[in-house]
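Following this message is one structure expressed as structure tokens.
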Amino acid sequence: MVDGAAAPYESPAREALRAFGLGSAHVQLIGISENVTFRADDDRSPQAYVLRLHRPGYHTVDELNSERVWLEALRSSGISVPTPVAAPDGRYFVPVEIADDETRQVGLNLWAPGEIVGELLTAHKKSTDATEPAEITGPFGQLGGLMAAMHNQAANWTPPSSFRRHRLDLDGLLGDAPFWGPFWENPVLDGRERDLLITARDHCRERLRRYGEPRRTFSMIHADLHLANLLTHNGQLSVIDFDDAGFGWHQYDIAVAMFHSRGTADFRAARQAFLRSYRAVRPISDDDLALVPMFELIRGMAILGWRAQRPEVLWPDDQLEIFRRGVVSGCKRLLSGSTASA
């Protein structure tokens, strides 16, 4: 059964399951955001599946298939990632019509057992008066080593010539038409703030232009690798949700992990645990790491751009204002020569 919010997607989901040879499977809504995700269970097998209806216009079929190619390469290097399932005709993505003017590509993965690390920490924090440092530093230490292993694989991997994926480079993050939208045009900003963000954008762009794209720190990255996109099961971490994965700087990947947990108790210890574990697996210089605070600001700006493009995604009432204040403050610190973190 599915709930009312999933009703428009139920029939297309069942159509896709038939294309994958699972027409008798039961579906249960997991979440609706940019993508619509169902769990599918078939009485004929103990194996469960994740069915994802990809948002229209975000990735082409070639780009979705390229994501699958990178997943296979990561899995071959020993990193636990989603396992795609092919339809009987060999396709990994099948199109379905949601409405007269909307077509979505649908992919199927094996269901990965486990719990989301970020949700476990949130539940623990709510059930205790204070979060123990080990509750934070442990997952961050694991995440640091895991991200470094992914960067090792990507930096030493040559994608096939058919590989197609977006680039989170100068133009992708800070160009006139960034991948996640022109953040300086978010209507929550006033004219003075828009000018401030444009000036900060130009400053970041020039700094990254001088830095370049050295192979040691520029490759395929997950680009959304924080604790809410990690599963834990029997002590094993698995990475999920590669929707934003593309070519980019490793420091942006690191900044994402930092950005989304900055309000966590004893975050300084968590940051240190992350970097110790990262450096135990992959070397990174202090000079390269010095760019991470700026990339944290860039992450905040990217979220402002994304938010303006996706107003239908529900947020807590004060979340956008928190982001606005943080990004504006970060831009002021950047331009004054202080730490650039938003």
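So, of the residues in region 54-83 that are of a type in the set (G, A, S) and outside any helix (DSSP H, G or I), which turns out to be surrounded by the most Cβ atoms within 10 Å (Cβ to Cβ)?
S80
Tell me which of these D244 doesn't satisfy, since it passes every other one: (1) acidic (D, E); (2) without any contact (Cβ under 8 Å) to a residue 40 or more places away in the chain; (3) not in a loop (DSSP other than H, G, I, E, B).
Of (1) acidic (D, E); (2) without any contact (Cβ under 8 Å) to a residue 40 or more places away in the chain; (3) not in a loop (DSSP other than H, G, I, E, B), only one is false for D244: (3).
Now for a separate question. Are any of the residues in region 206-222 in a helix (DSSP H, G or I) and surrounded by 18 or more Cβ atoms within 10 Å (Cβ to Cβ)?
Yes: region 206-222 contains one or more residues that are in a helix (DSSP H, G or I) and surrounded by 18 or more Cβ atoms within 10 Å (Cβ to Cβ).
Additional query: Can you run down the residue pairs with Cβ atoms below 7 Å, 6 or more apart or on separate chains, where the first is in region 300-313 and farther than 10 Å from G181 by Cα and the partner is among the polar types (S, T, N, Q) and outside any helix (DSSP H, G or I)?
Listed pairs, sorted by first residue: V313/S33.
Across region 31-53, what is the total count of residues that are out of contact with any Asp or Glu (no Cβ under 8 Å at 6 or more places or on another chain) and not in a strand (DSSP E or B)?
Of the residues in region 31-53, 7 are out of contact with any Asp or Glu (no Cβ under 8 Å at 6 or more places or on another chain) and not in a strand (DSSP E or B).
Something else now. Could you check how many residues of region 228-237 are among the small types (G, A, S) and either open to solvent by less than 20 Å² (accessible area, probe 1.4 Å) or in a strand (DSSP E or B) (or both)?
Selection size over region 228-237: 0.
Does R268 satisfy the criteria of being more than 24 Å from W111 (Cα to Cα) and modelled with pLDDT under 95?
yes
Could you tell me which residue of region 130-152 is modelled with the highest pLDDT, considering only residues that are farther than 19 Å from E115 by Cα, touching a helix residue (DSSP H, G or I) at 6+ places or on another chain (Cβ under 6 Å) and open to solvent by 20 Å² or more (accessible area, probe 1.4 Å)?
A149
Please report, ordered by residue number, the helices (runs of 4 or more DSSP H) entirely within region 280-337 with at least 3 residues that are exposed (fewer than 15 other Cβ atoms within 10 Å of the Cβ) and out of contact with any helix residue (DSSP H, G or I) (no Cβ under 6 Å at 6 or more places or on another chain).
Passing ranges, in order: 319-336.
Suppose we filter R307, R262, R333 for residues that are among the basic types (K, R), modelled with pLDDT under 95 and farther than 30 Å from P113 by Cα; which single one remains?
Working: R262 fails: farther than 30 Å from P113 by Cα; R333 fails: modelled with pLDDT under 95.
Of the residues listed, the single one that is among the basic types (K, R), modelled with pLDDT under 95 and farther than 30 Å from P113 by Cα is R307.
Can we say F179 is in a loop (DSSP other than H, G, I, E, B), aromatic (F, W, Y) and touching a residue at least 12 places away in the same chain (Cβ under 8 Å)? Break it down stepwise before answering.
Working: in a loop (DSSP other than H, G, I, E, B): yes; aromatic (F, W, Y): yes; touching a residue at least 12 places away in the same chain (Cβ under 8 Å): yes.
Spelling it out, F179 is indeed in a loop (DSSP other than H, G, I, E, B), aromatic (F, W, Y) and touching a residue at least 12 places away in the same chain (Cβ under 8 Å).
Would you pick out the residues in region 97-124 that are of a type in the set (A, V, I, L, M, F, W, C) and either under 25 Å from S161 (Cβ atoms) or under 18 Å from the mean Cα position of the chain (by Cα) (or both)?
Across region 97-124, the qualifying residues are A112, I116, V117.
Could you tell me whether region 155-174 includes any residue that is in a helix (DSSP H, G or I), over 29 Å from R333 (Cα atoms) and at pLDDT below 95?
No, region 155-174 contains no residue that is in a helix (DSSP H, G or I), over 29 Å from R333 (Cα atoms) and at pLDDT below 95.
Here are the criteria: (1) in contact with a His (Cβ under 8 Å, 6 or more places away or on another chain); (2) within 16 Å of G114 (Cβ to Cβ); (3) buried (at least 18 other Cβ atoms within 10 Å of the Cβ). Tell me which single one I240 does not satisfy.
Only one criterion is unmet by I240, namely (1).
Has region 84-96 got any residue that is open to solvent by 60 Å² or more (accessible area, probe 1.4 Å) and within 19 Å of the chain's Cα centre (by Cα)?
No, region 84-96 has no match at all.
The values are calculated or read from the model by the stated rules, or taken from the named source; none is laboratory data. These numbers come from a predicted model, not from an experiment. Every residue, glycine as well, gets a Cβ built from its backbone with ideal geometry; the counts of neighbours run over all protein chains shown. These area figures cover heavy atoms from the full protein model, side chains too; ligands, DNA and RNA do not enter into them. Shrake-Rupley method; radii C 1.70, N 1.55, O 1.52, S 1.80 Å.
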